[in-house]
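Everything below concerns the one structure shown next.
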Amino acid sequence: MDTYKIILEAHSGIAYVVLFTIGVAAINSLIGLSAKNEFKPKDRRIALFGLIAAHLQFVFGLILYFVSPKGVALFKQAGMKEIMGNSELRMMAVEHPLVNILAIVLITIGWSTHKRIEGSDKKFKKIAIFYSLGFLLLVSRIPWNVWFS
């Protein structure tokens, strides 16, 4: 198996971990917020695992974007006009990477801002909002046809 296939498989596999950990962190924060729980080290670790998984996925995705025939190479081969005019090509070369980067930025903002504020309710709220938004963006740009083919 060549390096490209290994990275592609890792990117696909880690996606499940990312969705699970980000989803769990968002749900945990929503439960903590609604139950008015104290923000404990367990809650911090749950959010941290989601952040780490998302960043690891970003690294594999970034590598893929530059070595995959569906990334930078597609722009050289097909050109911007053809990519933007074809919904499948646009999804893989433009929408998937950009929206997922935005999702990871939101997750990172949620993590970073929760550390600087006091009060369990505010910590839970930051993570709940930013991780939920990130989760929704990630789910919206998964190439489901590729995953389940």
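The values are calculated or read from the model by the stated rules, or taken from the named source; none is laboratory data. Everything numeric in this text was worked out from a predicted model, so none of it was measured. Here Cβ is always computed from backbone atoms with ideal geometry, including for glycine, and neighbour counts include all displayed protein chains.
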Q: Of the conditions (1) without any contact (Cβ under 8 Å) to a residue 12 or more places away in the chain; (2) among the aliphatic types (A, V, I, L, M); (3) surrounded by 18 or more Cβ atoms within 10 Å (Cβ to Cβ); (4) under 26 Å from Lys122 (Cα atoms), Ile83 clears all except one; give me its number.
A: (4)
Q | Checking Pro143 against (1) modelled with pLDDT of 95 or more; (2) out of contact with any Asp or Glu (no Cβ under 6 Å at 6 or more places or on another chain), the condition it does not meet | A | (1)
Q) Which is under 30 Å from Asn28 (Cα atoms), surrounded by 15 or more Cβ atoms within 10 Å (Cβ to Cβ) and small (Gly, Ala, Ser), of Gly71, Gly110, Gly119? A) Gly110
Q | Selection status of Ile46, modelled with pLDDT of 95 or more and touching a Ser or Thr at 6+ places or on another chain (Cβ under 8 Å) | A | yes
Q: Could you tell me whether Leu89 is touching an Asp or Glu at 6+ places or on another chain (Cβ under 8 Å), closer than 21 Å to Arg141 by Cα and part of a helix (DSSP H, G or I)?
A: yes
Q) How about region 127-149: which of its residues are without any contact (Cβ under 8 Å) to a residue 60 or more places away in the chain and either closer than 15 Å to Gly50 by Cα or among the hydroxyl-bearing types (Ser, Thr, Tyr) (or both)? A) Ile129, Phe130, Leu133, Leu136, Leu137, Ser140, Ser149
Q) Among the residues of region 63-81, is there at least one that is touching a His at 6+ places or on another chain (Cβ under 7 Å) and part of a helix (DSSP H, G or I)? A) yes
